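Student: Structure below; questions to follow.
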Amino acid sequence: QVLLVESGGGLAQAGGSLRLSCVASGRTFSAYAMGWFRRAPGKEREFVTAISRGGTNTYYTDSVKGRFTISRDNTKNTVYLQMNSLKPEDTAVYYCAAGGGSSRYALPNLWEYDYWGQGTQVTVSS
């Protein structure tokens, strides 16, 4: 079992920035593709971004391209989500996920992930 703990959420104004972190337990962090998903009030959980296990491939949903950046530091068992130019529609609970142990690529599908964090709230005011 992989334990994931998110942090860094909070309140930001439109146009501002936040950086989320997700720390994974264990010593096999580099074996997993990692992703960020979010769930806004009244909506389904949606894909935001993903990064391959080696960190060389990334994938973003269209709504965050050019604004969000995913990265990972396998020596620290940590994946990051840098969020710039925040918009009110970015308001959601953000979840870190790990999975795709057999894949070398960034993975955009919910079913490809096996482990989930508890989430961290991001609120963007207009």
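The values are calculated or read from the model by the stated rules, or taken from the named source; none is laboratory data. In this text the structure is predicted, and so the values were computed from the model without any measurement. Note that each Cβ is placed from the backbone with ideal geometry, even for glycine, and that neighbours are counted across all protein chains shown. Accessible surface areas use protein heavy atoms only, side chains included; no ligands, DNA or RNA. Shrake-Rupley method; radii C 1.70, N 1.55, O 1.52, S 1.80 Å.
Student: Would you say VAL5 is under 12 Å from the mean Cα position of the chain (by Cα) and without any contact (Cβ under 8 Å) to a residue 60 or more places away in the chain? Working first, answer last.
Tutor: Details: under 12 Å from the mean Cα position of the chain (by Cα): yes; without any contact (Cβ under 8 Å) to a residue 60 or more places away in the chain: no.
Criteria not met by VAL5.
Student: Oh, and also: Closer than 19 Å to VAL2 by Cα, free of Cβ contacts under 8 Å to residues at least 60 places away in the same chain, of a type in the set (Val, Ile, Thr) and in contact with a strand residue (DSSP E or B) (Cβ under 9 Å, 6 or more places away or on another chain), is that true of ILE51?
Tutor: Values: closer than 19 Å to VAL2 by Cα: yes; free of Cβ contacts under 8 Å to residues at least 60 places away in the same chain: yes; of a type in the set (Val, Ile, Thr): yes; in contact with a strand residue (DSSP E or B) (Cβ under 9 Å, 6 or more places away or on another chain): yes.
So ILE51 passes the test.
Student: Separate question: When the residues of the range 106-126 are filtered to those that are within 11 Å of TYR32 (Cα to Cα) and part of a strand (DSSP E or B), which remaining residue is most open to solvent (accessible area, probe 1.4 Å)? Quick ask: steps written out before the conclusion?
Tutor: Keep residues of the range 106-126 that are within 11 Å of TYR32 (Cα to Cα), which gives 106-107, 112-115.
The next check asks that each one be part of a strand (DSSP E or B); those that pass are 113-115.
Working: TYR113: 15, ASP114: 103, TYR115: 48 Å².
Looking at the filtered set, the residue picked out is ASP114.
Student: Give the residue that is modelled with the lowest pLDDT, with candidates limited to residues of the range 76-105 that are open to solvent by 10 Å² or more (accessible area, probe 1.4 Å), over 23 Å from VAL122 (Cα atoms) and touching a helix residue (DSSP H, G or I) at 6+ places or on another chain (Cβ under 9 Å).
Tutor: That would be GLY101.
Student: If you go through the range 45-75, how many residues are more than 22 Å from TRP111 (Cα to Cα) and surrounded by 19 or more Cβ atoms within 10 Å (Cβ to Cβ)?
Tutor: Residues meeting the conditions: 1.
Student: Would you confirm whether any residue within the range 2-22 is at pLDDT 95 or above, in contact with a Ser or Thr (Cβ under 9 Å, 6 or more places away or on another chain), part of a helix (DSSP H, G or I) and surrounded by 14 or more Cβ atoms within 10 Å (Cβ to Cβ)?
Tutor: No, every residue in the range 2-22 fails to be at pLDDT 95 or above, in contact with a Ser or Thr (Cβ under 9 Å, 6 or more places away or on another chain), part of a helix (DSSP H, G or I) and surrounded by 14 or more Cβ atoms within 10 Å (Cβ to Cβ).
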